[in-house]
1. Using a cut-off of under 16 Å, list every residue of segment 186-215 whose amide N is near the label point 7 Å from the Cα of residue 260 along the Cα-to-beta-carbon line.
2. Relative contact order, percent, of segment 383-459 when contacts are C-alpha pairs under 8 Å separated by at least 6 residues?
3. For residue 271 and residue 447, what is the calculated FRET efficiency with R₀ set at 41 Å and r taken between the beta-carbons, to the nearest 0.05?
4. Residue 88 to residue 149: FRET efficiency via 1/(1 + (r/R0)^6), r the Cβ-Cβ distance, R0 45 Å, to the nearest 0.05?
5. Using a 7 Å offset from the Cα along the Cα-to-Cβ direction at both residue 398 and residue 380, what is the distance between the two label points in nm, to one decimal?
6. Rank 345, 422, 233 by how far each Cα sits towards the positive end of the charge dipole of the chain (+1 on Lys, Arg Cβ; -1 on Asp, Glu Cβ) and give me just the farthest.
7. Quick one: if the Förster radius is 22 Å, what FRET efficiency do residue 189 and residue 318 give, using the C-beta to C-beta distance and rounding to 0.05?
8. State which helices in the chain qualify, where a helix is a whole DSSP H run, it must extend 30 Å or more along its own axis by its Cα atoms, and its mean Kyte-Doolittle hydropathy must be at least 1.0.
Amino acid sequence: MRSITNKNINTNYVEFSPGNDPFEKARQIGSRRWILSHIFYRSNKLLFIIVLFTTILAANLSSAILVVIGNAITDFLIGKQSSLLFYTTFILLLSVGTPILRLINYMLREVIAQRLERDCRKEFFSNLLGKSQSFHDQQKIGELMARATDDVRTMNFLISPAISLIFESFTSLIVPLFYILAFYPSQLILAPLIFSLLFFFALKSYTRKIGPITGKLRSFYGMMNSTLNEALTGIEVVKASAQESGESKKYYENANNYRDAYVEQGDVEAKYLPLLILALTITGGLIHAIILNLIGLMNIGQVIAYLGLLALLRFPTFISIFVFAIIRLAVSSAQRLLEFMNKKTEIDENVGGYKNEIKGDIKFENVIFSYPGSEKKVLKNISFEVKPGQTLALVGTTGSGKTTLTKLISRLYDVDEGRILIDNVDIRNYALNSLRNQISYVDQDVFLFSTTIFENISFGYTGSIEQVVEVAKEAQAHGFISNLPNQYYSEVGERGVQLSGGERQRIAIARAFLVNPKILILDDSTSAIDSNTEDKIQRAIRNILKNRTTILITHRLSQIRWADLIIVLNKGEIVAKGTHEELLKTSEDYQRIFIKKFDVEIDTLIKRCEEA
C-alpha cells in the first residue's frame, strides 16, 4: 500500500496500467530507443534477422546475375556455344531465387510492421487511459485523435517500407562494389566509390533539412484535425450561430499551412543532388570501362556487366528521396507520441491499497483544491462529515464548487491540502479501482456510448437483460425503451444523439441503479426530466438510497428537503450547513436561493414547508 500526501509529486504514477509494460524504460530514454524496443520485441527480433539475411542474399543474387550475363556474352562472342546452356540454366535459377527471397522478405517485414503498429496503438491507448483527469482536461480531442491514428499509423510505414528499403538500398549500394572488386579491374571501383561518398554526404544534408519540415507536417496535421473535430462536435452551435464561414476559414488556414509544409518538402526533394551525381557516375564509369576495353584490360561482356552493376545504384538513389522522408516523419511521430506518454500524472492506482467494501462514511478535513495549472482556489477549507446511509445535498450558485467537490470523492483529482476520508481511511490509500467501483456518478451532462441501450445501462457491470429491464423500470426508462424498434438493443447514436435529454438522464440513472454503489452522487441528474416523470423517479431513487450514502447537487426543493444534511457553498467555501428547516431560518444564502426560485417571502416559504 502506498500513501500519497501531495499532488505535486514527480513520480510518474498511472491511474490504470494494463499490466507489465515492456516499453516503459525505453519511453523515458527517447524516441529512437523506443522505436528499437518495439522492432526487437519478442519474436520480432528473429523475423528482423531473417529480413536482413534475405535482403543481403537477394542483393548478392542480383549482382551475380549481371556477372554471369557478362560471362555468357563473352563466351558467345568468342564462339564458345557449349557453355550457353549452363549460363542460361544458372541465370534462370538466380532469376527465380531472387523474387522468392524478396517475397519472404516483404511478407516478414509486413508482419513486423503490423505488429509494431498494433503494439504502439495499444500502448498509446492504455497510456491515455492511465492519465489523470487533469491531463485530459488540458488536451484537445482532435489532437489526441491525430496522434492515436495517423502518428501511430506512421510507425507502420517506418518498417514497411522505410527501414526495409533503406537496408535494401544499403546492400544494393555496397554489394555491387564488392562484385566489381572481385571480378573486374580494381580501378573500376573509382567511379562507384566516389559516388558512394558523395551520396552519403548529400543524404546527410538532405535528412538535416527534411527533419524540421516533417515535424511541422505532423504539428499542422494535428491542428487541422483538432479544428475539424471541434467544428463537427459543436456543429449545432456552429449552425445556430451562423458561423459556418468562420469555421471554414479557420480550417482552411490550417489546411493551407499543412499544404505549405508539403510544398516545402517537395522543394527540398527537387534539389536532391544524388540524382545528378548518379548520372555523372554512370557516364564516368562507362567512359572508364571503354578505355579499359580499348587497351585490352576488359572485354565487351565485362563492360556490359559492369554497367549493369552501376545501374543497380539507381535503386538506392531514387528510393532514398522518399524513404528518408518517411523515417524523419516516423521519428517526428514517435516524438509526438512520447510527448504525451511521458507526461506525468499525479493519481496513483495504488494496486496494493485498501480493497475492502466501503460503508460510506465520508469526511472532508480542511480540504483546499485548485485545478492543475491554475492558482485559483476552487475549494477553501472544506470540512464536513456524512455518516453511512445519509443523504447530503449541496446547494449554491453557479461556480461555487459543488461539482468539483463531488469529483474529489472518487479521486478524479487529488487535493492540494487537507484530506478526504472514507470509513476513516484516506482515499489516497485505497486501491483506485476498488474505490471507484463502489462510487456511482450521474452527471447533468450525461455521456452515452454509441452502442445499444442495453450496453449503456450495463456499462461497468455485467448484468442480464432481466436485471437491466428491472432497473430501467425503476428509472422510468422502460416505457420509452419499449417503444423503440429494437427496444433494449436499439442504437443510441453518437453520444446518445437519438435520445432526448430526459431519456439520456433516465438511462444514466438506470446504469447507477444496476451498479448498486455504496456511494451515489447525483449532479442535477433530473434537470431534463418533466415533473411527472421526476416524481416517479424520486420514489425509485429514495428506494435505492436506503443503506447507502448519497450526495445530491440540485436546486429542486422536492429533493433537497429530505436530505439529512445540506451544505451551502459560496465561492468555494461552506457558508452554512444543516437541515432544510434550519437553513431556511438561519442562512441568508440559502434563503436567497429559494426566494428567487419561488418568488415569495421567506416567512411564507417557511410556513409552506412546515405545512408540508
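1. So the set is 213-215.
2. 15 percent
3. According to the calculation, E is roughly 0.20.
4. 0.30
5. 2.2 nm
6. 345
7. Result of the calculation: an efficiency of 0.50.
8. 44-77, 314-341
Only the coordinates and a few stated rules stand behind these numbers; no lab work does. Every value quoted in this text rests on a predicted model; they were computed, and no experiment measured them. Virtual Cβ from ideal backbone geometry, glycine too; neighbours counted across all protein chains shown.
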